[in-house]
1. For SER182, which of the numbered conditions (1) at negative phi; (2) out of contact with any Lys or Arg (no Cβ under 8 Å at 6 or more places or on another chain); (3) of a type outside the set (A, V, I, L, M, F, W, C) fails to hold?
2. Can you give me the number of residues within region 137-176 that are open to solvent by 20 Å² or more (accessible area, probe 1.4 Å) and not aliphatic (A, V, I, L, M)?
3. Output the number of the condition that THR426 fails; it satisfies all remaining conditions of (1) farther than 26 Å from GLY91 by Cβ; (2) open to solvent by less than 40 Å² (accessible area, probe 1.4 Å); (3) more than 21 Å from the chain's Cα centre (by Cα).
4. Across region 396-430, what is the total count of residues that are among the β-branched types (Val, Ile, Thr) and free of Cβ contacts under 8 Å to residues at least 60 places away in the same chain?
5. Residues in region 211-221: is at least one within 13 Å of CYS157 (Cα to Cα) and open to solvent by less than 20 Å² (accessible area, probe 1.4 Å)?
6. Scan region 384-393 and give yes if some residue there is open to solvent by 30 Å² or more (accessible area, probe 1.4 Å), under 30 Å from ALA281 (Cβ atoms), part of a strand (DSSP E or B) and hydrophobic (A, V, I, L, M, F, W, C), otherwise no.
7. Only one of THR336, THR313, THR304 is over 29 Å from VAL406 (Cβ atoms) and free of Cβ contacts under 8 Å to residues at least 24 places away in the same chain. Can you tell me which?
8. Taking region 259-273 on its own, how many of its residues are under 20 Å from VAL199 (Cα atoms) and surrounded by 15 or more Cβ atoms within 10 Å (Cβ to Cβ)?
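The values are calculated or read from the model by the stated rules, or taken from the named source; none is laboratory data. Quick caveat: nothing in here was measured; it's all calculated off a predicted structure. Heads up, the Cβs are rebuilt from the backbone with ideal geometry, glycines too, and the neighbour counts pull from every protein chain shown. For accessibility, only protein heavy atoms count, side chains too; no ligands or nucleic acids. Shrake-Rupley method; radii C 1.70, N 1.55, O 1.52, S 1.80 Å.
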Amino acid sequence: MTRPLVVSALFALATFSGCMCSKSGANGEASDGSAASAVATNDAGSPGPIAPSAHFSNPIAATRAGGGAVLVAGLVVPDKVIAITRLEAGGGTSFTVNALRGVTWSADADLRLFPADGGAVVVWRGPRDGKPVRQMIVIGKGGELKGDPIDIGTVSCATEEAVAWTERATGGKTKVVAKGWSSPPRDVALIGSEREPVVVCGARRIYALGQGEDDMTFAASENDGGPRMVLSASEFGGDEERELSEYTVGDDLGLVRVGSGGQIALREARAAGMGAWRRLAATIPADDDLVAVDADAKTTYVVTTREAASPCTDGSTSVPSSVHALRIDRASFAETSLEVAPAECGREMGPFWTGSVGGRFVVAWAERAARRDAFSAPIAGLAYRVMEGAGAGQVVRVARAADALVDAGCDKDRCYAIALLREPKTTNIVPEIVQTIAYP
């Protein structure tokens, strides 16, 4: 599959009882006849027409909806609602609905959106009706609300069939609860007392991990045998743990452990059972930051950033960072180290996310630029690199001045991100428009 230019579509919401669809005309012209802005060399995509209406404020969240469509949820401050809209690949919106009412902004508010049978699950943590809540509600594929909001626990993820979260149980234990899109909640696993709960969702399987001081327990949603030890300090000769990350591929669970000296160990739970820890030859230097761990059917990637040896000479005091990846073959465990992106002054990177499209693994991240004043958006755009297959080998940048840039996941054809764009000469206090970026 060859890589076309990244094409992004901009959609503005006129009202939350309906929608105004903003489309581009032929040859890159906006619907009002003006030419769409050109992108700089080594950028990709077209900014598209900037429509006059804007509604969303931070936080926003997004997820894929199939067929190139994306679902976006965001806070609408004047109306005190969390709204969700479906943005179609060809232009326009299918629906916009108010998912939660009575919500207000707070500095620690959190909004998540998970795909759910063509629709989505909205999870909100923040003020609602004057009280702090953690609630979820299911949105159908046509925008219909499926039931009332329900209270949930602190940790959440979603499979293709259910959303999962944690709740306190008796004796200081933690239970993992799952709710299907049209079924009541049910208990699926138990995590022992005095352990930090970690819930990881595969395609259909839910993993309950209990992080102790120097060990970890493991239980799966369909296993009634109870939690069992999956990691202990004695396995590593007293080497203290520096980092521990999880990933899923389908229903396989992977664990990546980084020791105090940078030693990397990898273990996977597959249908055949839990594999043994594999010690890798490569190490992660003490000053490197682990920013992403993920895998596709053939390969596991460990992504890190590394500060340059000296600061920039452009008058700033910033130190640029490069991006690196360790590629591990899941069958042979053969390792390859490579640089994903070189260090460049004027670019602050993060957050990072990953995906797989047509057998090609993609690493993407937001890039931030120096802010000049309150009218300058903090995010300069999206950057990504295809790691193998067609189009691999170079960083592609999509320039977007934005107040937020969030991952919307990948389908079989593309990956998607949503940018929150402000009107010219405004600050982030004014509600903003959302834009879809499809890549690679």
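1. Failing condition for SER182: (2).
2. Total satisfying the criteria: 18.
3. Every condition holds for THR426 apart from (1).
4. Number of matching residues: 3.
5. No, there is no match, as no residue in region 211-221 is within 13 Å of CYS157 (Cα to Cα) and open to solvent by less than 20 Å² (accessible area, probe 1.4 Å).
6. No, that holds for no residue.
7. THR336
8. 4
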